[in-house]
Amino acid sequence: MGPTWLKDAIFYEIYPQSFQDSNDDGIGDIPGIIDRLDYVAGLGCNALWINPCFDSPFMDAGYDVRDYKLVAPRYGTNEDLVRLFREAHARGMHVLLDLVPGHTSDQHPWFKASAQADPNEYSARYIWTDEALWGMEGRPYIAGMTERSGAYMLNFFASQPALNYGWLDPYKHWMSATDSPEARATIEAIKDVMRFWLDLGCDGYRVDMADSLVKGDDERKSATCAIWRDIRAMMDRDYPDAALVSEWSNPDQALCQAGFHMDFYLDHQRNGYNTLLRDYETKGGDHSYFRCDAGGSIRRFLDDYLPKYERSRGRGYISLITCNHDTPRPARTLSPAELKLAYAFILTMPGVPFIYYGDEIGMRYLDLRTKEGGYQRTGSRSPMQWSHGENAGFSTAPADQLYLPVDASPDAPSVEGQWADPDSLLSEVRRLVALRHAYEDLQADAPFAVVNDDEAAAPFSYRRGALLLALNPSSRERRLDDALLQGRRVVYRIGGAALHEGSLAMPGQSFVVLA
Ligand code: NOJ
């Protein structure tokens, strides 16, 4: 299954632009992250995922890498990043960087060489047709920008040309096979990038668009999975303690076939995860499970999740997230009371959970103008709110020079305002994180089983190992009478759940853990 530290890992995702500015230039940086490590440790998170912090023209917030081996000057230096690894390790924390293997920036030297008319070492590093006036059968491609006569394929935005890992079944002479020297060279180049930071002390990678490598792949993504198995063999041999988490959202492929240690369960419309927090884009209003009395049902989550969980059990971990830098913040629609229950669920499920910076205080989704290719995602990327002071404690630069504006509302949540308040969302998150660390049965491996999912009859209840948990996000009281309740005691509660003579009363908006 991979590194043992994952069993009790709780990740904290940091968007480096927006976490802490240490040099008053209005943008977050790596020394700023180091300054805030004690906060993350105090929250109880013992692992970090840092969004891309490498040199980039920032057409997609750094997912357009220009130099994989250089920290972007606006975030600091390579030495700063190595110091971050050291400081994190000193606090018992692991650090994952963000690997973008599917594409680079069109400003990357590989691409610039590849775009030359004269053949060179990098000519086949990207996917090019042989004529500029020839499309790629409905695929996104760009022509007319280079000396080279050809069109190049995109992997995401216009500034992000696709690296060449070959085609499963090449049917044009310009398509490389997956075992061609050029496709192999791309894999080796990415392995070299991985080794560079692993050798300097990083603990693994979150892998961007991990399923996007081989073009024309089959439905099972078998050729792309084969590449990851090859990379995983390198990890097992040379970096057995390092971890990989995929942006794939398909554990059958990512965990069982490709060999990732963890796979994100992402917010894709109407999948199980979407029904929990953000089911507001379907007709007829918001039916999110954690929205009180919105008519949601845990069954919609379980129908999607359970088969994935059962099939991938023992092969890797499904990662539930509070949010990420691409997804609307959950506080967009959920109240602090609703968020407490949602996080209680996320933090008591199997696999490895991720908290997105600021979700622990209920930071809001802001209505912001797009920044660096963020578009509607920009609203989830605003500066961390540390205090009620200047720029929410994020930076001492003039407010109009901040990377993004801070939440200006008078009641904007902050760490300072919530840290000492036992009823705050932040205090609840800290207690939940501590609870997970305290009980092995709440961690990654302990089995999950549904006890009751008929919420008309009784609260949703589930087992983790020997523990019994129940959740009632509705406003109506629910009662559970079950032989499983005999001899148990309450070890954690939100709301006034009470266990009396083998019967569990769950008032509206409550959660309980019974040992
Ligand atoms: C997924 C990343 O999370 C997103 O932010 C980025 O824009 C795309 N991949 C392209 O790299």
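The values are calculated or read from the model by the stated rules, or taken from the named source; none is laboratory data. Nothing here was measured: the structure is a model prediction, and the numbers come from that model. Note: ideal-geometry Cβ built from the backbone for every residue, glycine included; neighbour counts use all protein chains shown. The area values use the complete protein model at the heavy-atom level, side chains included, leaving out ligands, DNA and RNA. Shrake-Rupley method; radii C 1.70, N 1.55, O 1.52, S 1.80 Å.
Using the structure shown, decide if SER123 is assigned to a loop (DSSP other than H, G, I, E, B) and within 20 Å of SER176 (Cβ to Cβ). Steps first, answer last, please.
Details: assigned to a loop (DSSP other than H, G, I, E, B): yes; within 20 Å of SER176 (Cβ to Cβ): yes.
The answer is yes for SER123.
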Seminar exercise, completed: Given the conditions (1) in a strand (DSSP E or B); (2) open to solvent by 10 Å² or more (accessible area, probe 1.4 Å); (3) within 16 Å of the ligand (Cβ to nearest atom), every one holds for LYS69 apart from (3)
Problem set entry | Residue ID - farthest from the ligand (Cβ to nearest atom), chosen from residues in the range 207-228 that are under 28 Å from ILE355 (Cα atoms), open to solvent by 10 Å² or more (accessible area, probe 1.4 Å) and part of a helix (DSSP H, G or I) | ASP211
Exercise. Which condition does PRO52 not pass, out of (1) over 15 Å from CYS202 (Cβ atoms); (2) in a loop (DSSP other than H, G, I, E, B), if it passes all the others?
Worked result: (1)
Problem set entry | Test result for ILE34, away from the ligand (no atom under 16 Å from the Cβ), out of contact with any Pro (no Cβ under 9 Å at 6 or more places or on another chain) and open to solvent by 10 Å² or more (accessible area, probe 1.4 Å) | yes
For this session: Check off (1) in a loop (DSSP other than H, G, I, E, B); (2) modelled with pLDDT of 95 or more; (3) over 18 Å from LEU341 (Cβ atoms); (4) open to solvent by 30 Å² or more (accessible area, probe 1.4 Å) for ASP407 and give me the number that stays unchecked.
Result: (4)
For this session: For LYS308, indicate whether it is in a helix (DSSP H, G or I), open to solvent by 10 Å² or more (accessible area, probe 1.4 Å) and of a type outside the set (Asp, Glu).
Result: yes
Exercise. Can you name every residue in the range 366-387 that is away from the ligand (no atom under 16 Å from the Cβ) and open to solvent by 10 Å² or more (accessible area, probe 1.4 Å)?
Worked result: LEU366, ASP367, ARG369, TRP386, SER387
Exercise. Pick from PHE58, PHE85, PHE111, PHE156: which is within 16 Å of the ligand (Cβ to nearest atom), in a helix (DSSP H, G or I), among the aromatic types (Phe, Trp, Tyr) and surrounded by 17 or more Cβ atoms within 10 Å (Cβ to Cβ)?
Worked result: PHE111
